[in-house]
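The values are calculated or read from the model by the stated rules, or taken from the named source; none is laboratory data. None of these values were measured; they are calculated from a predicted model. Note that each Cβ is placed from the backbone with ideal geometry, even for glycine, and that neighbours are counted across all protein chains shown.
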Ligand SMILES: NC(=O)c1ccc[n+]([C@@H]2O[C@H](COP(=O)([O-])OP(=O)(O)OC[C@H]3O[C@@H](n4cnc5c(N)ncnc54)[C@H](OP(=O)(O)O)[C@@H]3O)[C@@H](O)[C@H]2O)c1
């Protein structure tokens, strides 16, 4: 069975291996209803009982599919996100890629992090999910990486505009168990922590086998403030799962990998091969070694991926592999490796 770790401030237990449901929202490629249903059932039955979705994932498609999969179960912890409202648009037809997703749902996304925007997003999500409860809400993609010049205004919607207040009310009333940010950048998490008590941060791509930029400042701050961390994008959107032996394209942070990243992954692959370690197994287990981390949630879009992922999580990785990872300067010297304490 997959072990669980608690969100420190609230005691909510998450399976250490969870399911990122962007894939079942048709990230990059269409997934049929049947395949999505089978993938979610296989993951839940195997103990991946923490599931993360969002309005953005397939413009509502992921939430619809996830809601149907979890409705009859009482062992699931579910997170969704606020900050994007979905508005219908009759001109949208077909499943050509929009914002990375191949979804046929005719909705456009509009940012709104204000008090009323957060409440409407939460209520809309309940309706799409067909559920009476969401356990965790993340503020989705706040920060300059997404908002550029509009960063100050959108962040202000959370502070002076009451977005954080809405989340605090939902938590205080017991409607949700926990809230935090779901982001690809860590500085904005430090900023948010100056304004509000976050329970949990979903950080994507910034603490992985390839990149540990969150290590020096954000992760110690999270530990000090009892903020738990969920790792998304543990494969940096693909390259740490596929490796670089094949022809490519090799996906890194949702685009084609630059040559220096391909070269680094090649060095990681060489070390893995020397020790008989699958690269994705090292990628998953690396993230879970940091004491702030409670769960890692790879994006899984097929039953085969679920089974592979279970094997990667269970794979025995020799201590020598982790030692050489450090001596060959393939990770930050301060990174916590499996079997070590901070
Ligand atoms: N801002 C945020 O809050 C945020 C941002 C990013 C991610 N997240 C969360 O984190 C989850 C995971 O992130 P992600 O899906 O973007 O990235 P990821 O987990 O780093 O990578 C997913 C990609 O890896 C591939 N993959 C997975 N297992 C594989 C395997 N065994 N062999 C080969 N390829 C494999 C998948 O390809 P296939 O499609 O071929 O299976 C998929 O394209 C998301 O679903 C979401 O829940 C949140």
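Could you grab me the full set of residues in region 317-342 that are without any contact (Cβ under 8 Å) to a residue 40 or more places away in the chain and under 17 Å from residue 276 (Cα atoms)?
Correct list: 319, 322, 323.
Tell me which of these residue 49 doesn't satisfy, since it passes every other one: (1) modelled with pLDDT under 95; (2) under 16 Å from the mean Cα position of the chain (by Cα).
(1)
So for region 60-71 (the condition being in contact with a helix residue (DSSP H, G or I) (Cβ under 8 Å, 6 or more places away or on another chain) and closer than 22 Å to residue 285 by Cβ), does at least one residue qualify?
No: zero hits.
Out of 263, 314, 304, 283, which single residue is out of contact with any strand residue (DSSP E or B) (no Cβ under 8 Å at 6 or more places or on another chain), within 12 Å of the ligand (Cβ to nearest atom) and without any contact (Cβ under 8 Å) to a residue 12 or more places away in the chain?
Values: 263 fails: within 12 Å of the ligand (Cβ to nearest atom); 314 fails: within 12 Å of the ligand (Cβ to nearest atom); 283 fails: without any contact (Cβ under 8 Å) to a residue 12 or more places away in the chain.
Just a single option satisfies the conditions, and that option is 304.
Looking at region 162-181, which of its residues are assigned to a loop (DSSP other than H, G, I, E, B) and in contact with a helix residue (DSSP H, G or I) (Cβ under 6 Å, 6 or more places away or on another chain)?
Those that are assigned to a loop (DSSP other than H, G, I, E, B) and in contact with a helix residue (DSSP H, G or I) (Cβ under 6 Å, 6 or more places away or on another chain): 162, 176.
Can you name every residue in region 87-104 that is under 22 Å from the mean Cα position of the chain (by Cα) and in contact (Cβ under 8 Å) with a residue 40 or more places away in the chain?
Result: 97, 99, 100, 101, 102, 103.
Just name the residue that is nearest to the ligand (Cβ to nearest atom) out of those in region 200-226 that are in a loop (DSSP other than H, G, I, E, B) and surrounded by fewer than 21 Cβ atoms within 10 Å (Cβ to Cβ).
In the first step, residues of region 200-226 are kept if they are in a loop (DSSP other than H, G, I, E, B); the result is 205-217, 225-226.
With the extra rule that they be surrounded by fewer than 21 Cβ atoms within 10 Å (Cβ to Cβ), the set shrinks to 211-213, 215-217, 225-226.
Values: 211: 12, 212: 15, 213: 15, 215: 18, 216: 21, 217: 19, 225: 19, 226: 20 Å.
Filtering region 200-226 for residues that are in a loop (DSSP other than H, G, I, E, B) and surrounded by fewer than 21 Cβ atoms within 10 Å (Cβ to Cβ), the one nearest to the ligand (Cβ to nearest atom) comes out as 211.
With the condition being surrounded by 15 or more Cβ atoms within 10 Å (Cβ to Cβ) and touching a helix residue (DSSP H, G or I) at 6+ places or on another chain (Cβ under 8 Å), I'd like the strands (runs of 3 or more DSSP E) fully within region 78-146 carrying at least 3 qualifying residues.
84-88
Of everything in region 236-251 that's at pLDDT 95 or above and buried (at least 23 other Cβ atoms within 10 Å of the Cβ), which residue is nearest to residue 193 (Cα to Cα)?
Result: 236.
Give all pairs with beta carbons closer than 9 Å in which a residue from region 177-198 that is modelled with pLDDT under 95 meets a residue that is within 13 Å of the ligand (Cβ to nearest atom); count only pairs at least 6 apart in sequence or on separate chains.
none
Within region 229-243, does at least one residue satisfy the condition of being closer than 23 Å to residue 277 by Cβ, assigned to a strand (DSSP E or B) and within 11 Å of the ligand (Cβ to nearest atom)?
There is at least one residue in region 229-243 that is closer than 23 Å to residue 277 by Cβ, assigned to a strand (DSSP E or B) and within 11 Å of the ligand (Cβ to nearest atom).
Go through region 182-196 residue by residue and tally those that are farther than 13 Å from residue 232 by Cα and either in a helix (DSSP H, G or I) or within 16 Å of the ligand (Cβ to nearest atom) (or both).
Residues that pass the stated criteria total 7.
For a quick check of your reading: which strands (runs of 3 or more DSSP E) sit entirely within region 1-74 and have at least 3 residues that are crowded, with 24+ Cβ neighbours inside 10 Å?
50-52
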